[in-house]
Amino acid sequence: MSNMSYTNYKIDKLAQDFSEDAWNAFHNAEINDQDDLYDYRHQWIDNKVIYTHDCKKYIDDLNYDIFEEHDLFGRAENWSQGAYNAIYDALDESDDTVSWYDMEQVLQEATN
């Protein structure tokens, strides 16, 4: 598997894992609006970047340049911030990441 397809696989896998967890939280009424989903996403990523070993793995898996200036968060000052940026961007980039729009559709279908 080439590095790029490996990276794309890792991005999609991360997005699917996040989405599965987010859908569970949604169905358990932990996510009720876009702000809840936003907060959930940040907490989910925070939980992934606790250990330096994991952070380095995410940075490698996602082929992330930790010296890059991030649009929202600036330049990472440590492994945890670098991994946070990498995961955040991966979720943003993937079509597999659940959005509030997806969840709203389910709510609308339930009320019809």
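The values are calculated or read from the model by the stated rules, or taken from the named source; none is laboratory data. Predicted model only: the values in this text are computed from it and were never measured. FYI the Cβ positions are ideal-geometry reconstructions off the backbone, even for glycines, and counts take in every protein chain you see.
Test of understanding: among Tyr84, Tyr51, which residue is in contact with an Asp or Glu (Cβ under 9 Å, 6 or more places away or on another chain) and at pLDDT 95 or above?
After ruling out the rest, the residue left standing is Tyr84.
Give region 61-87 a look and list any residue that's surrounded by fewer than 17 Cβ atoms within 10 Å (Cβ to Cβ), within 19 Å of Phe18 (Cβ to Cβ) and not hydrophobic (A, V, I, L, M, F, W, C), or say none.
Asn63 - this is the single residue of region 61-87 that is surrounded by fewer than 17 Cβ atoms within 10 Å (Cβ to Cβ), within 19 Å of Phe18 (Cβ to Cβ) and not hydrophobic (A, V, I, L, M, F, W, C).
To keep it simple, each residue is scored yes or no on (1) of a type outside the set (A, V, I, L, M); (2) touching a Lys or Arg at 6+ places or on another chain (Cβ under 8 Å); (3) over 21 Å from Asp95 (Cα atoms).
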residue: Asn28; (1), (2), (3): yes, no, yes
residue: Tyr38; (1), (2), (3): yes, no, no
residue: His42; (1), (2), (3): yes, no, no
residue: Asp46; (1), (2), (3): yes, no, yes
residue: His53; (1), (2), (3): yes, no, yes
residue: Tyr58; (1), (2), (3): yes, yes, no
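Within region 7-27, can you find the residues that are touching a residue at least 24 places away in the same chain (Cβ under 8 Å) and either more than 22 Å from Cys55 (Cβ to Cβ) or among the aromatic types (Phe, Trp, Tyr) (or both)?
Selection gives Phe18, Trp23, Phe26.
Name the pairs: first residue in region 68-92 and over 19 Å from Tyr51 (Cβ atoms), second residue among the basic types (Lys, Arg) and modelled with pLDDT of 95 or more, Cβ to Cβ under 8 Å, at least 6 apart or on different chains?
Close Cβ pairs (under 8 Å, with a partner that is among the basic types (Lys, Arg) and modelled with pLDDT of 95 or more) amount to Leu91/Arg41.
I need the full set of residues from region 1-37 which are more than 18 Å from Gln105 (Cβ to Cβ), in a helix (DSSP H, G or I) and among the hydroxyl-bearing types (Ser, Thr, Tyr), in order please.
Once the filter is applied, which keeps residues that are more than 18 Å from Gln105 (Cβ to Cβ), in a helix (DSSP H, G or I) and among the hydroxyl-bearing types (Ser, Thr, Tyr), region 1-37 yields Ser5, Tyr6, Thr7, Tyr9.
Are there any pairs with C-beta distances below 6 angstrom linking a residue in region 28-44 that is more than 13 Å from Phe18 (Cα to Cα) to a residue that is surrounded by 12 or more Cβ atoms within 10 Å (Cβ to Cβ) and among the aromatic types (Phe, Trp, Tyr), with the two at least 6 apart or on different chains, and if so which?
Ile31/Tyr40; Gln34/Trp100
If you check Lys56 against the conditions, is it loosely packed, with under 15 Cβ neighbours inside 10 Å, free of Cβ contacts under 8 Å to residues at least 60 places away in the same chain and farther than 28 Å from Asp102 by Cα?
yes
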